[in-house]
Amino acid sequence: MNAGDVIAEGTQLGPAVRVPGARRLGIAGSDIASVMRVVIGSEVTRGTVLARTVRRFARVVKAPIDGRLLHVTADGDLYVAPIAGRWVVRSTLDGAITRSDDACVLVEGAAWCLGGLAAYGPDAVGELALGVDAAGDELRPARIDVRLGGRILVGGARIAAEAITRAHACGVSGLVAGAAPAAGLRVVFGETTSARGTVTGADGPTVLCLAGFGSVPLPREVFAPLAALAGSRAAIHTASARLFVFAPADAGDFALEPPALALSGDFGAVRALAVTCAPAGEASFPSEVTAEAVRCADEVLPAANVMPFDAAR
């Protein structure tokens, strides 16, 4: 099983339509199975012959709508439901299926993993490629063209709405960066549908914000491994906001403990902390009367505003 392979698919059905069967054919309800021309569960189009007698003066029952033949009652009536939509679930990992039942389809595999803050769009699979020269650069629309179609581009500190729109037009599979402007994301994707920021079926490529919103330069410990893994197959799983890279376990000697992230001051942009923080008891901040604090060099921050960058193999 490879990332992107279909592991489950199905349809969403609308309200079913009851179609008189045995009564229209002039037969007993128990005899309907002998004159059926379509198997239960089959998709049909409007006008498809569902059942037909073979008498001298033949009678037929036709599908009144496009849809799926769902059921035959004991009285010989038929139920046809329109197909309202289709859904597909694809594997996020390269690996093997170790469980498949009504509860889930479990795929186990090995990959390098980087957790982010929020993801937008459907799951994406493609070759990892660099779209910037440095961790603090913005991914410019001019750096995106059709030659990057099907790839997952790594940006730096920021991906604007213009770059997302151009990436979609060029067939780019996904975008990964430190942040993206919240207003730009709303323009492209509309309102979010979950606390993780996941939006499915949106008109744009998948976007993974690793650290926050606005502009957040990626720490060297995060950007350097991404640059080293460029050229490897990768996948973005939007439900967990994670990037998986399918490279050998010895692909590089990457740091497993990047610096923590913090909001500048009390309110402000997200940034990486280059120093180790220590508990500082309670302190007063403009946003609230008192709160648990941490001291990071000469700066005191609310403890809730400092969190580890979720990077792990």
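Here are some notes:
- Radius 12 Å from Cβ of V44, net charge of other residues (Lys, Arg +1; Asp, Glu -1): +2
- Its Cα centre serving as origin, the chain has a Cβ charge dipole (Lys and Arg +1, Asp and Glu -1) of approximately 2260 debye.
- Label positions at V306 and A182, each projected 7 Å from the Cα along the C-beta direction, are separated by 2.4 nm.
- Per-residue ³J(HN,Hα) for the stretch 58-71, Karplus 6.51 cos²θ - 1.76 cosθ + 1.60, θ = phi - 60°, Hz, x for Gly and Pro: 5, 10, 10, 10, 10, 5, x, 9, 6, x, 10, 6, 9, 7
- The chain: most fluctuating residue of G214, G121, G47 per GNM, C-alpha cutoff 10 Å: G47
- Fluctuation leader among A74, A280, A110 - the chain, Gaussian network, Cα springs under 10 angstrom: A74
- Derived value for the stretch 110-246: Kirkwood hydrodynamic radius 14.0 Å. Basis is the mean of 1/r over every pair of different alpha-carbon atoms.
- Taking the number of Cβ atoms within 10 Å of each Cβ as an exposure proxy, the fewest-first ranking of T11, T53 is T11, T53.
- Candidates A118, A167, A96: whichever shows maximal mean-square fluctuation once the chain is modelled as a Gaussian network with Cα springs under 10 Å: A96
Values quoted throughout were computed directly from the atomic coordinates according to the rules given, and no laboratory measurement underlies them. Keep in mind that this is a model prediction, so the values were computed, not measured. Please note: Cβ atoms are built from the backbone with ideal geometry, for glycine as well, and neighbour counts cover all protein chains shown.
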